[in-house]
Amino acid sequence: NVYGPRQDPLGEAGVVAIFGRAMLAGKTPTIYGDGQQTRDFVYVGDVARANLLAAERLLSGFFAQSLDEAAFNVGTGKETSVLEIFQTLKGLTGFSGEPQFEGPRPGEVRRSALDGARAAQVLGFSPQVSLREGLSATVAWLRRVR
């Protein structure tokens, strides 16, 4: 799950922006399920850097055989629960409430993390922005635009 400044806080995708916007407005975010479902949250700046590394390799002719070689998982390889995201954002925004829990959505994936070994090996990519740093930058942006 890519997150960061300029992520649309409206709609159903983008839990970081949705929760952050709600908390800054003093509204209670909704967690679907028990909050223990995990995702691999990767900062948008890290994803942009991975794309630049891939583009540099492509332009240098590194992927001479096929562009199929140029497909990579870009993530942190770390599972973070939705409840952990809530708690961290709570601290960063100063929100004092607790989440509202509703039933899980149909088809909800329980656990998700990406294996970025190939991106590390071929591109030299590793994420540089910690989850807390990225969430802090996202909250700062949400404060500016609300």
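The values are calculated or read from the model by the stated rules, or taken from the named source; none is laboratory data. Being a predicted model, the structure only gives us computed values, none of them experimental. FYI the Cβ positions are ideal-geometry reconstructions off the backbone, even for glycines, and counts take in every protein chain you see.
This table checks each residue for (1) at pLDDT below 90; (2) basic (Lys, Arg); (3) closer than 17 Å to Gly116 by Cα.
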| site | (1), (2), (3) |
| --- | --- |
| Ala25 | no, no, no |
| Leu53 | no, no, yes |
| Gly61 | yes, no, no |
| Gln65 | yes, no, no |
| Ile85 | no, no, no |
message: Regarding region 107-120, can at least one residue be identified that is within 24 Å of Thr30 (Cβ to Cβ) and of a type in the set (Val, Ile, Thr)?
response: yes
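Here's the yes/no breakdown for (1) closer than 28 Å to Ala140 by Cβ; (2) hydroxyl-bearing (Ser, Thr, Tyr); (3) touching a Lys or Arg at 6+ places or on another chain (Cβ under 6 Å):
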| site | (1), (2), (3) |
| --- | --- |
| Gln37 | yes, no, yes |
| Leu53 | yes, no, no |
| Leu59 | no, no, no |
| Phe72 | no, no, yes |
| Phe86 | yes, no, no |
| Gly94 | yes, no, no |
| Gly97 | yes, no, no |
| Pro106 | no, no, no |
| Leu114 | yes, no, no |
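Please enumerate the residues belonging to region 92-111 that are exposed (fewer than 13 other Cβ atoms within 10 Å of the Cβ) and either in contact with a helix residue (DSSP H, G or I) (Cβ under 9 Å, 6 or more places away or on another chain) or under 23 Å from Asp46 (Cα atoms) (or both).
Gly94, Ser96, Gly97, Glu98, Arg111
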- prompt: Of all residues in region 1-46, which are in a helix (DSSP H, G or I) and either of a type in the set (D, E, K, R) or more than 10 Å from the chain's Cα centre (by Cα) (or both)?
  reply: Ile18, Phe19, Gly20, Arg21, Ala22, Met23, Leu24, Gly45, Asp46
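Condition check ((1) in contact (Cβ under 8 Å) with a residue 24 or more places away in the chain; (2) farther than 20 Å from Gln7 by Cβ) across all residues:
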residue: Val42; (1), (2): yes, no
residue: Ala55; (1), (2): no, yes
residue: Gly116; (1), (2): yes, yes
residue: Phe125; (1), (2): yes, yes
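Going by what's in this entry, would Glu98 be described as among the charged types (D, E, K, R), under 18 Å from the mean Cα position of the chain (by Cα) and at pLDDT 95 or above? It would help to see each step written out before you state the result.
Details: among the charged types (D, E, K, R): yes; under 18 Å from the mean Cα position of the chain (by Cα): no; at pLDDT 95 or above: yes.
Here the answer is no, as Glu98 does not meet what is asked.
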